[in-house]
Amino acid sequence: MTANIFKPDPYRIADIVHETELEYTFKVEAGVKVDHGQFFQISLPEIGEAPISVSGIGRDWLEFTIRKVGKVTHRLFSLRRGDRLFMRGPYGNSFPLDEFRGKDLVVIAGGTGVSPVRSLLKHYFDHLDEIRSLHFIAGFKDRGSILFADDLKDFAARFHAIYTLDKEAIPGFQSGLVTEHIRKIPFAGFADYNVVIVGPPVMMRYAALECLKNGVSKERIWMSFERNMSCAVGKCGHCKINETYVCLEGPVFNYTKAEQLLD
Amino acid sequence: MNHDIDIKKLQVNCFRQSKVPGEFMLQMRAPGGVVQAKYLAVVQHIADTWGNGQLHLGMRQTFSIPGIKYENIEAVNEYLRGYIEEVEVASCDVNMDVNEGGYPTIGARNVMACIGNSHCIKANIDTLSLARKMEKLVFPSHYHIKMSIAGCPNDCAKATFNDFGIVGIAKMEYDYDRCIACERCVETCASHATRVLSLENGKIVKDVCCCVGCAECATVCPTGAWTRRPTKFYRVLIGGRSGKQYPRAGKIFLNWVTEEVLLAVIGNWQAFSAEVLNHQPRYLHGGHLIDMAGYEKFKEWILKGVKLNPEAEVAERLYWTETEYRSNIHVKPVCGVD
Amino acid sequence: MAYRLSLSRMDELLEKMRESYTIYAPMRFEKRGRYSDTDLVRYDKIRSVRDIVYDEKSHFSPKEVIHPITQALFHFTEFEYRESEVDERPVLVFVRPCDIHGIQRLDTMFLENGDAADPYYKRLRDKVKFVLMECGKGWDTCFCVSMGTNRTEDYSLAVRFAGEELLLEVKDPSFRPLFASEKTADFRPEFVSANRLTVRLPEIKSRDVLEKVHALPLWESYDTRCLSCGACTAACVSCSCFTTSDVAYSENGRSGDRRRVWASCLHKDFTVMAGGHGFRKTPGERMRFRTLHKVYDFRARFGGADMCVGCGRCTDRCPQLISFAATLNRLSGEVDRLNAEAAAATGVSV
């Protein structure tokens, strides 16, 4: 019989960090080669499977930051350190680090969209020499939904960072939507650059339009899509948009392709 | 004109007295509310020749032809012979002598029915063929009874307001493996019926206590996971009526009975009526006879010799007081006007 | 080789075949139809050739033999996911030419899309052989000729029913010994060469036209007509979508099945993610998605044929009497107009 591509493997949970009341980061012991932007199908007996993007990559561990929504993720929250997590992956493509090399990079993330770019940011935190500069705009709804607070502090020290909350300003955070801060990025001063946008669908659309308004060409913009998936291997049909399967060709799309994905 | 007419006799003959002295309205039976459309020519001939040219679609699905003069009734009755032979004897196998005298009794009223499953997507039974079987059991008879047959618990036929109301219901079967958990049945049961379905562990569970057997779940199921059991089942309501004095909705007497049981019960109707009225037919409808006998006696007599099917349920008791009142006595003036 | 066999003789041979094969065919389930006193014709295991409903189109397709409506993938405990078992016996299925094409579409999805074959599909598909049933004149909702799916050579046996007899072509040499002593006949299956319905397929010539197709008011007309019940996708031979979920057996929920159940792009929760956000919120948008998948997206991705094979079962089963053939013809009319407008705008004649 053909190797079973749906069979999940058990991994030990090494740590659980409460990022917010609703979001926990699960650190699992896994020596798997994963690229920034990829995802796993995480499963729990009794409930089912859900696609979760990798938020941290270590030599022998992976991190998944999960919001307590839906049945699958809710169940996850009762697990403890030392418990087993069944999962399969990694799936999907990743951010084009070769394309980013030697150029300026702008990362715009909203809400839980910070998770899929966190490992990318951590990579450049350690290897800033790979790129010319990194501008990072992160937006959250309110102070209660800020993710990775410690990481954000670290990033602010090394990157050009703008952090913002939708409707309030607190120390370290300005007020307003991420789109309102995009014009502060000195696009005209970059010789060559890329823009990564990750967040809820509406946020990604308006952030991209704002970038275009600021003179960014479509080819420079990269997005990561989130879709309902049951299989992650191109069979179940849930993530299909036109002739594209997000699990196979995505989740990362250049904007020239992303704008053609008509839902 | 003749001012000496026995209107009681004419009533039994299915001619109803008009406010115009000497004029009558003929009520032609149409069991199950269906006849071949060609009989409209018969109806038209009677209305144009002896009536006033009008046809009233009778409240109990009769063809009602007003304006017939007393002196023409004999001619009308003679003309009716062919219609009665075909509609009553040929279609319903009614055991009767058809002669020039027209309809022999008014007692058992026209058996009403909705269109049923010959047409309707909601219906669970063939109401017409059942109506014809009923007609054979109750007609002709001097005992008064009103019956109506509804194809499904939607009860467009108003079975609820008849002495005997019959409702076609279905026992549902669920194929676990064919179910795709789309919840169409859950939504439809909630919006159209009694909310007995819910999704549990990725499949449907049912609270069987309160299923009314409407089969909406089968009608909407995209995969054929819900199907009706091929055996037809019936609900029988009794004692419903309109009327000036004590109008009330009928109550469930039998649930989940088979056609065999149903026909045996209706077959006992005339004997029950005779028992209650001491073999002296009176102008009293079935519901009143049930009241006179009391539910316990009614149940005993009407189920005499009836072998109930295993699924059948029978009402233990029936209480009417909460729904029965002298019409209007609960409505009082509120503005001090007498 | 072909043979002429009485139904009773065929039943004797079928009995022998049943020793090594599980045999599926469309069967009549009396009074089990959607409406009272209507029958349901769907696939199940047959015991006699007399069980086979050959003179009527089955309401559901043979795909459920290969892609079961509900299928256990794993049995799980706290410690492992163990793959579900499958009957190793090979399978014979009585199918129509369009069904064989439809199953080829399923093959494309399950075996070719992505990096690896779907093991659950493959383990059933590898065991299946087809018995082709002649269609005669076909039925009034068929449009196989328009879809190019009216003919096929991909079968092991082919059959024509003729009263108390049948004609059988035996193409697969492994079946020949069984029929060695039977009366031969001159028989090759005939295929439908014209349907009562003709469907024109939309020719979407540019990305710009595709975007305009997405915005057509045509789709909104289905907002009030379509119930989003998914009867069409359940009846469709080439619809392949499914959802995976876990079901617990035990009170503590620690053991159970992970299973796959058919899903439908017509259902409003098809795209909904954890957290509640979804796409294609209206029936019209979902109808558009299904339609374009059937006659545009699939071909755009894989090349070759369209996903729709014109069996017309979606039309047969739609409780709202939406004809897929009519939908496609309406769409094609609109696309003609959009193509002409695009050509006029660029000054190129069509």
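The values are calculated or read from the model by the stated rules, or taken from the named source; none is laboratory data. Nothing here was measured: the structure is a model prediction, and the numbers come from that model. Ideal geometry is used to build each Cβ from the backbone, glycine not excepted, and the neighbour counts take in all protein chains shown. Surface accessibility is based on the protein's heavy atoms, side chains included, excluding ligands, DNA and RNA. Shrake-Rupley method; radii C 1.70, N 1.55, O 1.52, S 1.80 Å.
Might you tell me the accessible area per residue for chain C, computed with a 1.4 Å probe and given in Å²? Show your work: numbers first, answer last.
Working: 14320 Å² over 350 residues.
Heavy-atom SASA per residue in chain C reads 41 Å².
First check a/c for region C:246-328, with a ≥ b ≥ c the square roots of the eigenvalues of its C-alpha gyration tensor; if it is under 1.5, answer rounded, and if not, answer prolate when a/b is larger than b/c or oblate otherwise. Spell out each step's value before the answer.
On the way: a/c = 2.03, a/b = 1.96, b/c = 1.04.
The shape class here is prolate.
What aspartates and glutamates could a cross-link reach from A:K167, if we take a straight Cα to Cα line under 17 Å and drop same-chain neighbours fewer than 8 places away?
A:D142, A:E180
What does the average come to when, for each residue of peptide C:264-272, you count the partner chain Cβ atoms lying within 10 Å of its Cβ?
4
Using amide H atoms built in the peptide plane, which far-off residues or other-chain residues are under 5 Å from A:W61 H to H?
A:A30
How would chain C be classified by its alpha-carbon gyration tensor: rounded, prolate or oblate, with rounded meaning a/c under 1.5 and the a/b versus b/c comparison settling the rest?
Taking the square roots of the gyration eigenvalues as a ≥ b ≥ c, chain C is oblate.
Ordering B:M292, B:M112, C:M287 from largest to smallest accessible area (1.4 angstrom probe), what's the sequence?
Listed by decreasing accessible area, they come as B:M292, B:M112, C:M287.
Could you report region A:9-91's accessible area per residue, 1.4 Å probe, as an integer in Å²? Kindly include the intermediate steps, with their values, before the conclusion.
On the way: 3600 Å² over 83 residues.
For region A:9-91, the per-residue accessible area is 43 Å².
Heavy atoms only, probe 1.4 Å: what % of the accessible area of the protein assembly as shown goes to carbon and sulfur, would you let me know? Provide the component values of the computation, followed by the final result.
Details: 20700 of 41390 Å².
With neighbouring chains kept in place, the figure for the protein assembly as shown is 50 percent.
Please determine, in degrees from 0 to 90 and to the nearest 10, the orientation of helix A:201-213 with respect to the longest principal axis defined by the Cα atoms of chain A, where the helix direction is its Cα long axis.
Helix A:201-213 sits roughly 30 degrees off the main axis of chain A.
Got a sec to turn the phi values of region A:98-108 into Karplus ³J(HN,Hα) couplings, 6.51 cos²θ - 1.76 cosθ + 1.60 with θ = phi - 60°, whole Hz, x for Gly and Pro?
5, 5, 6, 4, x, 10, 6, 10, 10, 10, 10
Please give the residues of region B:55-82, grouped as numeric ranges, whose backbone N is less than 14 Å from a label point set 7 Å along the Cα-to-Cβ vector of B:D48.
Flagged as within label range: B:55.
So what J values fall out for region A:53-69 if you push phi through Karplus, 6.51 cos²θ - 1.76 cosθ + 1.60 with θ = phi - 60°, rounded to Hz, Gly and Pro as x?
After applying 6.51 cos²θ - 1.76 cosθ + 1.60, I find 7, 7, 9, x, 10, x, 4, 10, 8, 9, 10, 10, 9, 10, 8, 7, 9 Hz.
What are the residues of region B:146-191 that lose 40 Å² or more of accessible area, with a 1.4 Å probe, going from their chain alone to all protein chains?
B:D177, B:R178, B:I180, B:R184
Could you sort A:217-223, B:210-216, B:5-11 so that the peptide with the highest average Cβ count within 10 Å comes first and the rest follow in order?
Sorting A:217-223, B:210-216, B:5-11 by mean packing, highest first, produces B:210-216, A:217-223, B:5-11.
Taking the Cα centre of region B:10-130 as the origin and placing charges on Cβ (Lys, Arg +1; Asp, Glu -1), which of B:V89, B:V111, B:F15 is farthest toward the positive end of the dipole?
Checking the options against the dipole of region B:10-130, the answer is B:V111.
In vacuo Debye scattering of region C:206-350, one point per C-alpha: log10 I(q)/I(0) at q = 0.21 Å⁻¹?
The computed values of log10 I(q)/I(0) come out as -1.38.
Just to check I understand the Karplus step: with θ = phi - 60° and J = 6.51 cos²θ - 1.76 cosθ + 1.60, what whole-Hz values come out for region B:10-27, glycine and proline as x?
My calculation for region B:10-27 gives 5, 4, 4, 7, 6, 10, 9, 4, 9, 5, 7, x, x, 10, 9, 10, 7, 10 Hz in order.
Please flag any cysteine in chain A that has no other cysteine's Cβ under 4.7 angstrom from its own Cβ.
Taking the Cβ cut-off of 4.7 Å, the unpaired cysteines of chain A are A:C211, A:C239, A:C247.
Using modelled backbone amide H atoms (1.01 Å from N, in-plane), which distant-in-sequence or interchain residues come within less than 5 Å of A:I5's amide H?
Amide H to amide H, under 5 Å and 5 or more residues apart or across chains, A:I5 pairs with nothing.
Treating region A:59-125 as a set of equal point scatterers at the Cα positions, no solvent, please give the Debye-formula log₁₀ I(q)/I(0) at q = 0.23 Å⁻¹.
Each listed q maps to, in turn, -1.26.
Give B:K203/C:K31; B:K9/B:K158; C:K31/C:K129; A:K7/A:K153; A:K103/A:K184 a once-over and call out the pairs whose C-alpha atoms are over 28 Å from each other.
Among B:K203/C:K31; B:K9/B:K158; C:K31/C:K129; A:K7/A:K153; A:K103/A:K184, the Cα-Cα distance tops 28 Å for B:K9/B:K158; C:K31/C:K129; A:K7/A:K153.
For the protein assembly as shown, what are Rg and Dmax over the alpha carbons, in angstrom?
36.3, 121
Please list the non-local residues whose amide H lies under 5 Å from the amide H of C:L227, H modeled 1.01 Å from N, same-chain partners needing a gap of 5 or more.
Residues meeting the amide H criterion: none.
Out of all DSSP beta bridges with both ends in chain C, state the antiparallel percent to the nearest 5.
Counting only bridges with both partners in chain C, antiparallel ones make up about 75 percent.
Given axes a ≥ b ≥ c from the Cα gyration tensor, I'd like to know whether region A:9-91 is rounded (a/c under 1.5), prolate (a/b larger than b/c) or oblate.
Here region A:9-91 falls in the rounded category.
Compute the Kirkwood hydrodynamic radius of region B:7-92, taking the inverse of the mean of 1/r over all pairs of distinct Cα atoms, and give it in Å to one decimal.
Result for region B:7-92, one decimal place: 12.9 Å.
Using a probe radius of 1.4 Å on heavy atoms only, what accessible surface per residue do you get for region B:7-92? Whole Å² is fine.
Using a 1.4 Å probe on heavy atoms only, each residue of region B:7-92 averages 51 Å².
What is the calculated FRET efficiency for B:R282 to B:A190, with r their C-beta to C-beta distance and R₀ = 45 Å, to the nearest 0.05? Before the final figure, lay out each step's value.
Numbers: r = 47 Å, r/R0 = 1.04.
Computed FRET efficiency for B:R282 and B:A190: 0.45.
Report, in order of residue number, the helices in chain C meeting two criteria: a C-alpha extent of 27 Å or more along the helix axis, and a mean Kyte-Doolittle hydropathy of at least 0.0; treat each whole DSSP H run as one helix.
C:324-346
Using a 1.4 Å probe on protein heavy atoms only, how many Å² of accessible area do C and A hide from each other, summed over both chains and rounded to 100?
Details: alone 17450 and 12780 Å², together 26180 Å².
Buried area (both sides, nearest 100 Å²): 4100 Å².
Out of all DSSP beta bridges in region C:132-207, what portion is antiparallel? Express it as a percent rounded to 5.
Here the antiparallel bridges make up roughly 75 percent for region C:132-207.
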